[in-house]
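Bear in mind that the values in this text are calculations on the coordinates, not laboratory data. As the structure is a prediction and not an experimental result, all values here were calculated from the model. Glycine gets a Cβ as well: all are built from the backbone with ideal geometry, and neighbour counts include every protein chain shown.
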Amino acid sequence: MIGAYVLIIAKSGFEKQVLEKLRKLKEIKDAKIVYGEYDIIAKIEVGDVSDLNDFLIEKVRNLEIEKTSTLIVAA
């Protein structure tokens, strides 16, 4: 099992909509709107790195998102 945190910059005005869509995905264990450089932080759990790649490209980046930064949990 791979855990990761994804920092997300949503398109302006779409923060709440992106958050709602993310929370419906089974891989998302938690997601919150935050202040600062990023708009949303999401905690993800997937089977392996390949699953993480597929999840980010196929499900997350298809939303109203401008940029993501992924932090894979080390321990």
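Looking only at residues in the stretch 51-75 that are in contact (Cβ under 8 Å) with a residue 24 or more places away in the chain and polar (S, T, N, Q), which one is surrounded by the fewest Cβ atoms within 10 Å (Cβ to Cβ)? Reasoning before the result, please.
Initially, the stretch 51-75 is screened for residues in contact (Cβ under 8 Å) with a residue 24 or more places away in the chain, giving 51-52, 55-56, 59-60, 63-73.
Next, from what is left, pick out any that are polar (S, T, N, Q): 68-70.
Details: 68: 17, 69: 12, 70: 15.
Step by step, filter the stretch 51-75, then rank; the result is 69.
Of the candidates 30, 48, the single residue that is out of contact with any Ser or Thr (no Cβ under 9 Å at 6 or more places or on another chain) and either over 13 Å from residue 6 (Cα atoms) or surrounded by 13 or more Cβ atoms within 10 Å (Cβ to Cβ) (or both) is 48.
Selection of the stretch 1-50 for residues being free of Cβ contacts under 8 Å to residues at least 24 places away in the same chain and among the hydrophobic types (A, V, I, L, M, F, W, C) yields 19, 28, 31, 33, 34.
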